[in-house]
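Comments concern the structure below.
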Amino acid sequence: MIGTILSIFYVIARIMANNERTFIMVKPDGVQRGLVGKIIKRFEAKGFKLVALKFQWASEDLLKNHYADLSARPFFPGLVKYMSSGPVVPMVWEGLNVVKTGRVLLGETNPANSAPGTIRGDLCVQVGRNIIHGSDAVESAKKEIALWFTEKELVNWKPAQESWVYED
Ligand code: IDP
Ligand code: MG
């Protein structure tokens, strides 16, 4: 009896872990350089699930809000100018440890320190033109997802490949 209850809890905990979400965004340089498809492919090929995606030219207000934690940094005005210089591709991806693993797929903030094989390590050179954003924690992911997407824009679906990506 206790064994059954424990195994039910275990299954629920595993399903909840697989539902972690992160906010990923192709920045204006990634869009201008034609890297949108390549970047999406990395997350798709890994086995993560796309939950939301759009194409928009973000306002300075939205970007200032998105990067509010960095507002005191000297590079902040340049960052807002860069991020509002063209359209971006905001996305939500879901999966087991997707926040942390998403950051691994991105590489380091400074592409010079990013390992080959990572998105920033392979596709860009300078910190101020590092082509992609990814949430740094589950809490910030929640905030960023709510900032960029409405609840209705987050699509509930079950990928056909799910049982081949995760153990039963
Ligand atoms: P992250 O994007 O890896 O999370 P953060 O420290 O959150 O890095 O910084 C947000 C963004 O601000 C970076 O991705 C980069 O575009 C920009 N940035 C960070 N540090 C610098 C800097 O020293 N010079 C110019 N831009 C910077
Ligand atoms: Mg950050």
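Scanning region 77-101 for residues that are surrounded by 15 or more Cβ atoms within 10 Å (Cβ to Cβ) and within 11 Å of ligand 1 (Cβ to nearest atom) yields LEU79, VAL80, TYR82, MET83. Residues of region 59-88 that are within 17 Å of LYS143 (Cα to Cα) and more than 16 Å from ligand 2 (Cβ to nearest atom): ASP61 alone.
For (1) free of Cβ contacts under 8 Å to residues at least 24 places away in the same chain; (2) more than 30 Å from ALA160 (Cα to Cα); (3) in a helix (DSSP H, G or I), each residue gets a yes or a no:
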{"residue": "ASP29", "(1), (2), (3)": "no, yes, yes"}
{"residue": "GLY37", "(1), (2), (3)": "yes, no, yes"}
{"residue": "ILE40", "(1), (2), (3)": "no, no, yes"}
{"residue": "LEU50", "(1), (2), (3)": "no, no, no"}
{"residue": "PRO74", "(1), (2), (3)": "yes, yes, no"}
{"residue": "THR109", "(1), (2), (3)": "yes, yes, no"}
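The set of residues in region 105-118 being open to solvent by less than 50 Å² (accessible area, probe 1.4 Å) and more than 11 Å from ligand 1 (Cβ to nearest atom) consists of LEU105, THR118.
For region 141-148, the criterion of being free of Cβ contacts under 8 Å to residues at least 24 places away in the same chain and away from ligand 2 (no atom under 15 Å from the Cβ) is satisfied by at least one residue.
Scanning region 53-76 for residues that are under 15 Å from PHE149 (Cβ atoms) and open to solvent by 60 Å² or more (accessible area, probe 1.4 Å) gives LEU53, PHE55, ASN65. Would you check if there is a residue in region 121-142 being under 12 Å from the mean Cα position of the chain (by Cα), of a type in the set (D, E, K, R) and open to solvent by 30 Å² or more (accessible area, probe 1.4 Å)? Taking every residue of region 121-142 in turn, at least one turns out to be under 12 Å from the mean Cα position of the chain (by Cα), of a type in the set (D, E, K, R) and open to solvent by 30 Å² or more (accessible area, probe 1.4 Å).
The values are calculated or read from the model by the stated rules, or taken from the named source; none is laboratory data. As the structure is a computational prediction, the values presented were derived from the model and not from experiment. Cβ: placed from backbone, ideal geometry, glycine included. Neighbour counts: every protein chain shown. Ligands, DNA and RNA are stripped out before the accessible areas are found, and what is left, the full protein with its side chains, is counted by its heavy atoms. Shrake-Rupley method; radii C 1.70, N 1.55, O 1.52, S 1.80 Å.
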